[in-house]
Amino acid sequence: MDQLLAYAVISVEGTVELDSREALLTRLPEALALTDAALILNMENATFRDISGLYAFTCLVQEAHQGALPLLATGLRLPGHMSLPSQASADLLLHPDLPSALSWLETGRPSPLTAS
């Protein structure tokens, strides 16, 4: 977990699955406490293997949304048969990489990707 400019960045590596879900859920609120500007979940080096990882994602989005805190995800790659839970899809701004997310936050330009 890092602070970059006024934003909190969580970089996830490896897989997010049932065995790692609790660790992710523990770290997410800590990151939210670091910023009142935006939270970036950097998934460029992560993969998802089952729905429990997406559950952690949904919890993060719900907590961020309640505080009106922008939540961005970078490098999110899901297997073709998986999709984000509907609440996460509604509140998550997807960007291909961290520089793109930072550029959007600093300039206000529209997100190049949208959650589907």
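The values are calculated or read from the model by the stated rules, or taken from the named source; none is laboratory data. Predicted, not measured: the structure shown is a model, and the values here were computed from it. FYI the Cβ positions are ideal-geometry reconstructions off the backbone, even for glycines, and counts take in every protein chain you see.
For every residue, the table says whether it meets (1) surrounded by 12 or more Cβ atoms within 10 Å (Cβ to Cβ); (2) within 20 Å of Glu63 (Cα to Cα); (3) out of contact with any helix residue (DSSP H, G or I) (no Cβ under 9 Å at 6 or more places or on another chain).
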{"residue": "Val9", "(1), (2), (3)": "yes, yes, no"}
{"residue": "Ser20", "(1), (2), (3)": "yes, yes, no"}
{"residue": "Arg27", "(1), (2), (3)": "yes, yes, yes"}
{"residue": "Glu30", "(1), (2), (3)": "no, yes, yes"}
{"residue": "Ala37", "(1), (2), (3)": "yes, yes, no"}
{"residue": "Glu44", "(1), (2), (3)": "yes, no, no"}
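Evaluate segment 53-76: report whether one residue or more is over 21 Å from Asp2 (Cβ atoms), at pLDDT 70 or above and surrounded by fewer than 13 Cβ atoms within 10 Å (Cβ to Cβ).
The answer is yes, given that some residue of segment 53-76 is over 21 Å from Asp2 (Cβ atoms), at pLDDT 70 or above and surrounded by fewer than 13 Cβ atoms within 10 Å (Cβ to Cβ).
I'd like to check something: does segment 26-48 contain any residue that is basic (Lys, Arg), outside any helix (DSSP H, G or I) and either in contact with a strand residue (DSSP E or B) (Cβ under 9 Å, 6 or more places away or on another chain) or within 14 Å of Ser11 (Cβ to Cβ) (or both)?
Checked segment 26-48: no residue is basic (Lys, Arg), outside any helix (DSSP H, G or I) and either in contact with a strand residue (DSSP E or B) (Cβ under 9 Å, 6 or more places away or on another chain) or within 14 Å of Ser11 (Cβ to Cβ) (or both).
Would you check which residues across segment 6-22 are modelled with pLDDT under 85 and either part of a strand (DSSP E or B) or touching an Asp or Glu at 6+ places or on another chain (Cβ under 8 Å) (or both) and list them?
Passing the criteria: Val12, Glu13, Gly14, Thr15, Val16, Glu17, Leu18.
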